[in-house]
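Okay, so here's the structure we're looking at.
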Amino acid sequence: MTGLEGISPGRHIDLMVYSTVGQDGGLRDPGNPLLPWDNHPARYRTGADLKWGVLSNVTADLTVNPDFSQVESDVDQIDINNRFPLYFPEKRPFFLEGSDMFETSRFRILHTRRIADPMAAGKVTGKVGPMTFGLLSAYDRGVEAADTSFVGILRTKADLFENSWMGLMVADREQEDGHSRVLSVDGQLRIAENYHSDFQVAQTWTKDEDGEYSDPAFGASVGRFGRNFNTSIWYTDIRPGVEFGTGYLSRPGISGPGAWAGYTFRPEGDFLVWWEPAAWVDLTYDDEGRLMEEYAGPEISMQLRGPTWVHLELVRFGILYRERRHRGHNVSFSVENRNSGKICGGFWIWAGNAVYYDLDDDDVDESFKGFTQNGGVWCELRPTDRFSLEASLDRDNMFRTWGGEEAYDEIVARAKATYHFNREFSFRGVVQENTQDESLAMQLLLSYVYVPGSVLYLGLNEEYDHGSSFERDGRTVFAKVSYLFRL
C-alpha cells in the first residue's frame, strides 16, 4: 500500500490497573465553625489504563473509570475584576500525552479540562506517511448529573512541504438536550525562507437552552522572522454565535487586526547576547463594528548571559465599557533567569491606569478608571539532587486615585516542596493561600514507585478558612495503588 513502507508491527501492550479509596470531610455549615464536622462515606474507585503500540508510530490508549487523585492542584489565579473565564492548563497524564496532536493554529477547539470526570475515554494518535492523525472519544460524567455528555474529536494534518501543512478538525459534544459541533480547517505555510503564514476557519453549530444557532470564526497571520528584522500582522473574526463546547474561548462576538514589528541587535558580548526594540498595536471591535478595545505601545526585550531575559513595555489603551470609553497608560517590567543550576527565579511589575469593571447585572454603572500596581515574584531552588522548592507570590490591587481609596487587594501565594528519599520513595507538599476568599489549602502526597506504572500513593488534602478565625473547613484523605502489566 502506498505510504505504508517501513512500518513495523506493534511491539507491546501495557495494562495498568488501579484502585483508590478516599474519604472527604467538612464543616456541616462552612460559615459556622461551631457546628459539627461531617465525615462523608468512604468512596471507592477501580479502573484501568491500556496502552497498545499498534504500529511503530501508531499508539492506542484506553482508560476506564480513571482517577487523578495524585495530580497536583491548579495554581490559583487572580480573578477579581475579570470579565472573562480563566484558563487552567491540563495536568492529567492521560490527556497530556499526545495533546500537541490536537492543537490548531489559531483557536483552542479542544481543551480537555472541559472533560471534567470521564467514565471512559480512548484515543489513537500516530503518523502514517505524510499524514498525522488523532482520534479522541470520551464519556464525561461532568460535575453534575445534568452535565453528562459524549465527546468526540477527530484531528488530521498533512505535511505539504518544509514547515508547511494543512489540517482538519471535527469536534462534537453531545448532551441530552443539546450539542456543540465544530468543523475546522487550518494550516501553516512557509512562503519563503523567512516568511510564513497560518490560518484557521471554523464553523460551529450549537443547541442549548437558548435555542439553536450557528456561526463561523476566522483567524490568520503573516509574519517575517529572520536574524534581525521581525514582523507579524494578524486578524481575528469570531462571530457572536461561536461556541467551542469542547474547547476554550474567552469571548465571542469580536473581531480586529493587530501588528507587531521589532529589530534584533546581536552584539554577542560577554554580558549582552541580543536586544530588540519593538512596537505593537491590537484593536478589538464588537459585532456592531464599535471599537471596544485598543492597545498599542513600544517595548524592548533583551537576553543577558546566564541566561537572563529582561522585558520593558509601555502601553496606551482605550476600553469601551458600558457605553463609556476609558483611556490610560501603564508600564510593565520583568526579569527572569531560567538556568539549570541550583537557583533560578524572576519578578514582574505592572503599574498605571486600569479599568474597574462593574460586573453586577443592574442599571447602575459603578465602573471607573483607576490606578493599579500589580507584581509577582517566583523562584526555584534545587540545592541537592533530591530536594527542590518552588515558590511564587502574586499581588493585584487597585485604587480609585493615586494613593486614594482602595477598590480591592488580592494576594496569591504558593509553595511546593519535593523530596526524593531514594529511587522509590518521594514526598510532595503544596501550600497555597488566597487572601480574596481567605483560604489556605495544603496537599501532602507520599509516593512509592516499585517500577514506573506500579505505584502506591498516600495523600492528604486540607482546606482552611483564615477569615475571622483560623478554622479547618475541608479535608480529603486517599490511598491509590496501581500495578502495570506488560504483555
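The table that follows gives values for the structure above.
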quantity: For 450, 285, order by how many other beta-carbon atoms lie within 10 Å, fewest first; calculated: 450, 285
quantity: Distance between modelled label sites at residue 203 and residue 424, nm, 7 Å Cα→Cβ extension; calculated: 5.9 nm
quantity: Using θ = phi - 60° and Karplus 6.51 cos²θ - 1.76 cosθ + 1.60, couplings along the range 410-419 (whole Hz; Gly, Pro as x); calculated: 10, 10, 10, 10, 8, 9, 10, 10, 10, 9
quantity: Within the range 155-247: Cβ-based charge dipole about Cα centre, in debye rounded to nearest 20 (Lys, Arg +1; Asp, Glu -1); calculated: 720 debye
quantity: Point-charge dipole on Cβ atoms (K/R +1, D/E -1) for the chain, about Cα centre, debye to 20; calculated: 2280 debye
quantity: Cα shape, the range 207-282, gyration tensor, a/c 1.5 rule; calculated: prolate
quantity: Residue-averaged [θ]222 nm for the chain, counting only DSSP H segments that reach four residues, each worth -39500 (n - 2.57); calculated: 0 deg cm²/dmol
quantity: Per-selection metrics, the range 65-206 (Cα): Rg and Dmax in Å; calculated: 17.0, 53
quantity: Point-charge dipole on Cβ atoms (K/R +1, D/E -1) for the range 250-410, about Cα centre, debye to 20; calculated: 940 debye
quantity: Extension gain from residue 402 to residue 279, taking 0.36 nm per residue of separation minus the Cα-Cα distance; calculated: 41.5 nm
quantity: In Å, descending, principal axis extents of the Cα set of the range 319-368; calculated: 56, 23, 12
quantity: Computed log₁₀ I(q)/I(0) - Debye formula, equal Cα scatterers, no solvent, the range 114-158, q 0.21, 0.25, 0.28, 0.33 Å⁻¹; calculated: -0.66, -0.79, -0.90, -1.09
quantity: Likely footprinting exposure, 115, 233, 109, fewest C-beta neighbours within 10 Å first; calculated: 233, 115, 109
quantity: Whole-Å distance, taken between Cα centres, linking the range 229-294 and the range 432-461; calculated: 38 Å
quantity: Rounded Å value of the spacing that divides the Cα centres of the range 56-88 and the range 331-404; calculated: 23 Å
quantity: Contour minus Cα-Cα distance for residue 248 and residue 143 (0.36 nm per residue); calculated: 36.1 nm
quantity: Rg over Rh, two decimals, the chain (C-alpha only, Kirkwood Rh); calculated: 0.96
quantity: Calculated FRET value between residue 304 and residue 48, using beta carbons and R₀ = 56 Å, to 0.05; calculated: 0.65
quantity: Separation in nanometres of the label points that stand 7 Å from Cα toward Cβ, at residue 287 and residue 39; calculated: 5.4 nm
quantity: Coordinate range along principal axes, alpha carbons of the range 81-126, Å, largest first; calculated: 41, 28, 14
quantity: Alpha-carbon radius of gyration plus Dmax, which is the widest Cα pair, for the range 250-410 in Å; calculated: 19.7, 60
quantity: Modelled label reach - residue 295, point 7 Å along Cα→Cβ, the range 247-265 residues with backbone N closer than 18 Å; calculated: 249-262
quantity: Least to most buried among 150, 244, 271, 199 (fewest other Cβ within 10 Å first); calculated: 271, 150, 199, 244
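Here, each number is a calculation from the coordinates, and none is a lab measurement. Everything quoted here is computed from the prediction, not taken from an experiment. Reconstructed Cβ throughout: ideal geometry from the backbone, glycine too, with neighbour counts over all protein chains shown.
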